[in-house]
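Trainee: My questions all concern the structure below.
The values are calculated or read from the model by the stated rules, or taken from the named source; none is laboratory data. Every value quoted in this text rests on a predicted model; they were computed, and no experiment measured them. Virtual Cβ from ideal backbone geometry, glycine too; neighbours counted across all protein chains shown. Side chains are part of the model used for accessible areas, which takes the heavy atoms of the whole protein and leaves out ligands, DNA and RNA. Shrake-Rupley method; radii C 1.70, N 1.55, O 1.52, S 1.80 Å.
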Amino acid sequence: MRKLMWSGLVLSGLLVGCANAPGKQNPGEPQVEQDVAASPGAEAPSPGEAVKPAEALPLQVKANPQPQDPINIEGAKVAGNILTLNVSHGGGCAEHTYTLAWDGTLQKNASAAPVANLVMIHNANGDRCKAMKFAELQYDLSPISQTWAAQAGKGSGTVELALPGLSAPVSYSF
């Protein structure tokens, strides 16, 4: 009987201690890598939250971007200048970072429509855990529309966004 009471007391103490601990982020929760121009406290908005262009993460323009750790792109949609990506990957034991990169060039597809080849760069930071993690990430596509406008001399148009892992390109009209 004494051991049962002692066990109950210890368990109650642990529960109270955990409930009163200051809010910490679970280290297994994905983080979003930001570029130097992004504000240091910015995070990807939660699902269902209205997205303002200022809240979206910047598209990084860099020569020859390469994927890093495995990631699945479950879905992609464009609203205005914002690309929303739903991604999944294994993990759960370390912070993960995400970057959407573009080489800065527009190619032509078979129908002569401009195509921007994007690369999702996922850094698992050595996480070998097997839990399935999901994230909704939002990126500002303004660099693509600005490049197209400079090349075409027009303020509006459509560019196809190609991402490895997506079955078909996503159309971006501006």
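Trainee: Can you find, within the range 84-118, the residue that is farthest from the chain's Cα centre (by Cα) among those that are surrounded by 19 or more Cβ atoms within 10 Å (Cβ to Cβ) and farther than 14 Å from Leu161 by Cα?
Mentor: Gly91
Trainee: Suppose the filter is within 21 Å of Gly75 (Cα to Cα) and without any contact (Cβ under 8 Å) to a residue 12 or more places away in the chain; does Ala150 pass it?
Mentor: On the way: within 21 Å of Gly75 (Cα to Cα): no; without any contact (Cβ under 8 Å) to a residue 12 or more places away in the chain: yes.
So Ala150 fails the test.
Trainee: Also, quick follow-up: Give the range 148-162 a look and list any residue that's modelled with pLDDT of 95 or more and open to solvent by less than 40 Å² (accessible area, probe 1.4 Å), or say none.
Mentor: Val159, Leu161, Ala162
Trainee: Report, ordered by the first and then the second residue, all pairs with beta carbons closer than 6 Å, sequence separation of six or more or different chains, a first member in the range 114-141 that is at positive phi, and a second member that is outside any strand (DSSP E or B).
Mentor: Note: pairs meeting the criteria are Asn125/Ala94; Asn125/Glu95.
Trainee: So Gly155 fits all but one of (1) of a type outside the set (D, E, K, R); (2) in contact with a helix residue (DSSP H, G or I) (Cβ under 8 Å, 6 or more places away or on another chain); (3) closer than 16 Å to Val61 by Cα; what number is the exception?
Mentor: (3)
Trainee: Take Ile121 and decide whether it is within 17 Å of Ile73 (Cβ to Cβ), out of contact with any Cys (no Cβ under 8 Å at 6 or more places or on another chain), open to solvent by less than 60 Å² (accessible area, probe 1.4 Å) and of a type in the set (A, V, I, L, M).
Mentor: So Ile121 fits the description; yes.
Trainee: Would you pick out the residues in the range 143-158 that are among the hydrophobic types (A, V, I, L, M, F, W, C) and within 18 Å of Met120 (Cα to Cα)?
Mentor: Ile144
Trainee: Tell me, which strands (runs of 3 or more DSSP E) lie completely within the range 72-174 with 2 or more residues that are of a type in the set (Ser, Thr, Tyr)? Walk me through it before giving the result.
Mentor: Values: elements: 72-79, 82-91, 97-102, 114-123, 131-140, 158-162, 170-173.
Once the strands (runs of 3 or more DSSP E) in the range 72-174 are filtered for at least 2 residues that are of a type in the set (Ser, Thr, Tyr), what remains is 82-91, 97-102, 170-173.
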